[in-house]
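To start, the structure itself, in structure tokens.
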Amino acid sequence: MKKRPTRKPRIDAQRVDGNAAAGILSELFVPDLTAARARCAGCGVTRTIGVLLVYAHGMGTVMRCPGCDSVVMRIARTPTHVWLDATGATSIAVSAPR
Amino acid sequence: MLSAGPTPRSPLASWDFTLRGADGRNAHWTWDEFTALPRQTTTKDIHCVTKWSKFDTVWEGISIDTLLSEAAAKGVASSPYVLARCDGGYTTNLPLADVMGGKAWIAFMYDGKPLPPEHGGPARLLVPHLYFWKSAKWVRELRFMESDSPGFWESLGYHNYGDPWREQRYAGDE
Amino acid sequence: MTGVGAAPRIVWRSANVIDVVQETREARTLVLDVPGWPGHRAGQHVDVRLTAEDGYQAERSYSIASAPEEPHLSLTIERLDDGEVSPYLSDELRAGEKLELRGPIGGYFVWDVATGGPLLLVAGGSGIVPLMAMLRHRDRALSTDTAARHRLPVRLLYSSRRWDDVIYRDELARLAERDTTLEVNHTLTREQPDGWTGFKRRIDRAMLEAVAWPASEQPRVFVCGPTALVEAVATNLVGLGHQPALVKTERFGPTGGSI
């Protein structure tokens, strides 16, 4: 499947943004991750995680790059674990506490 | 409508569907060729992993058995597993045995009307005997695989097979 | 204000409902006492969890309406027909009862006076809630510092369907009346009272151009509400020259909202 080139995203009334993932991310990371910066493995652009587009899915949280639509992170909760796939981010940078 | 990404909008003029062998040889159909194949109507119950079920849903599409025999006639060799690949990047994996023998379709009509994009149109995989995440929306290819390759949710904690009768929702469920 | 990197792990806590305030027909504020609450920043939210008798759990996120300086935590809930959490919180929960919540959550969509300004706030419907926390915080933090208020002026553009749907309507009027550095602009998209001289349409580029600080002022911008409104406003602001990094958004999804 060819990757879509960067384009202006359509408005999709169902989607939300990284803020909506902050709760489940707090189960994995102590510092708030929505203020952290992630480099997208798809297009190489670094963005604040709060601006990633989150698509509501009953099965898990999927966070996509607003520029190229690649999946940057995906999270699922099962009865025994929280699963994280962050392979769509080549790096994540969290500010050091003051 | 819950979805892992934006709704893909695939114009029919450029839509195609491929059955791809492990050696790369493939059979492929344009929309017109695809919809000219003998089609079936089927009424099934569907089971979503988030615990709801919908009964007596009516679908129309091409049986995977039809596609498999067309592909075999073109010399595409099958393999024990398939991986469904979709617009938007979604994938799901199944044993070949679970898409044969009248158990699976590529569906393009729902309730007598063309399948809308929000529900997976132009066409989605339909495998009603497994949890509905296996009925991949916006399907474009079934790829034969020599070994099983976990798809989008199967690689993130969900069950690799997904039998609703045994409540196989998550990895580790018996 | 210390970086949130120093914050402890967020845990589920029990909160006591000490008061319930009906804001509009569809919106209600729950005033909560939360033992052990670690404090929060304006713009953050909490996750509320309800457990039914059969053990089924439902979770929803709600923006914190109260300023960090206030003694109790307030959440303003808009009643949505989602059949799960908000009808219970809107119709049934009473003072004296408890609910489970965790937070504060979020470090991106936050503002405090130390961040600076000028400040442009754009809200659609219940999107006003986190922005109200920002306004309440600014009011309390700068209550005696006129010079600071002039260095940190605020403009609010708030879209609602009707005058009676405007959440915090009277409080916004009071705040604006006694603070010349706060400007409140309403647009009522469905119905307006007799004699209404304000905006009567959905927020568009022309309205933003009329109300917002020019891009050259480099305002901090916070936009919150239904996804369609938020994305249209953010696109228009960037089109007017505002830097994307200064325009922060919080989408509430396809809610009943204002538009």
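Might you list the cysteines of the protein assembly as shown that have no disulfide-compatible partner by the rule of another cysteine's Cβ under 4.7 Å?
Singleton cysteines: B:C48, B:C86, C:C224.
Listing C:R201, C:R178, C:R151 from the residue with the fewest other Cβ atoms within 10 Å to the one with the most, what is the order?
In increasing order of surrounding Cβ atoms, one gets C:R178, C:R201, C:R151.
Quick check of the Kirkwood formula: for region B:113-152, what is the inverse mean of 1/r over all pairs of different Cα atoms, in Å?
11.4
With bins 10 Å wide starting at 0, give me the P(r) of chain C over every alpha carbon pair, in whole percents.
Result returned by the calculation: 7, 31, 37, 21, 5, 0.
Which percentage, to the nearest 5, of the DSSP beta bridges contained in the protein assembly as shown is antiparallel?
Of all bridge pairs located within the protein assembly as shown, approximately 75 percent are antiparallel.
Express in whole angstrom the spacing between the alpha-carbon centres of region B:1-34 and region B:129-174.
Their Cα centres are 19 Å away from one another.
Cα extents of the protein assembly as shown along the three principal axes, largest first, in whole Å?
84, 49, 49
Could you check what % of the DSSP bridge pairs in chain B are antiparallel, to the nearest 5?
Rounded to the nearest five, the antiparallel share is 90 percent.
Test of understanding: given chain C, find the longest segment containing no chymotrypsin sites (Phe, Trp or Tyr not before Pro) that are in a DSSP loop and have at most 15 other Cβ atoms within 10 Å.
Between the exposed loop sites, the longest stretch runs C:57-195.
Sticking with the crude label model, points 7 Å out along Cα→Cβ, report the distance from A:R77 to B:T57 in nm, one decimal please.
In this crude spin-label approximation the distance works out to 2.5 nm.
For region C:109-151, what are the per-bin percents of Cα-Cα distances with bins 10 Å wide, up to the bin holding the maximum?
Binned Cα distances yield the sequence 27, 55, 17, 1.
To check you understand DSSP bridge types, tell me what percent of the beta bridges within chain C (both residues inside) are antiparallel, rounded to 5.
Just about 55 percent of them are antiparallel.
Could you pull out the chymotrypsin sites (Phe, Trp or Tyr not before Pro) across region B:39-83 that fall in loop regions by DSSP (anything but H, G, I, E, B) with no more than 11 other Cβ atoms inside 10 Å?
B:W52
Any chance you could run the full-extension gain for C:R174 through C:E59? It's 0.36 nm times the residue separation minus the Cα-Cα distance, nm to one decimal.
Extending this stretch completely gives an extra 38.0 nm.
Please arrange B:D32, B:D148, A:D17 by how many other C-beta atoms lie within 10 Å of their C-beta, fewest to most.
Taking fewest neighbouring Cβ atoms as first place, the list is B:D32, B:D148, A:D17.
Tell me, Kirkwood radius of region C:4-105 from alpha-carbon pair distances, in Å?
Averaging 1/r across every pair of different Cα atoms and inverting gives 13.9 Å.
For the protein assembly as shown, what is the mean residue ellipticity at 222 nm derived from helices alone (per DSSP H run of n ≥ 4: -39500 (n - 2.57); sum divided by total residues; nearest 500 deg cm²/dmol)?
Counting only the DSSP helices, I get -3500 deg cm²/dmol.
Between C:E84 and C:Q192, what is the spin-label point distance in nm, taking each point 7 Å from the Cα along the Cα→C-beta axis?
Spacing of the two 7 Å Cα→Cβ label points: 3.9 nm.
May I ask for log10 I(q)/I(0) of region A:16-92 at q = 0.19, 0.26, 0.27 Å⁻¹, from a Debye sum over the Cα atoms as equal point scatterers with solvent left out?
-0.70, -1.31, -1.40
Can you list which of the GluC sites (Glu not before Pro) found in region C:158-259 are DSSP loop residues with at most 14 other C-beta atoms within 10 Å?
Answer by residue number: C:E191.
Report the one residue of C:T181, C:L75, C:G36 whose Cα lies farthest in the direction of the positive end of the charge dipole of the protein assembly as shown (charges on C-beta: Lys and Arg +1, Asp and Glu -1; origin at the Cα centre).
In the protein assembly as shown, that residue is C:T181.
Sequence-distant or interchain residues sharing an amide H contact under 5 Å with B:R140, placed H: which?
For B:R140, the qualifying residues are B:R85, B:C86, B:D87.
How compact is region B:1-103 by the rule of thumb for globular proteins, expressed as Cα Rg over 2.2 N^0.38 Å?
So region B:1-103 has a normalised radius of gyration of 1.18.
Quick check: Cα centre of region C:90-127 to Cα centre of region A:32-97, how many Å?
When both Cα centres are located, 23 Å separates them.
All of the numbers you see were taken from the coordinates with simple rules; none came from a lab. None of the values given here were measured: they were computed from a predicted structure. Positions of Cβ are generated from backbone atoms using ideal geometry, with glycine treated the same way; all protein chains shown enter the neighbour counts.
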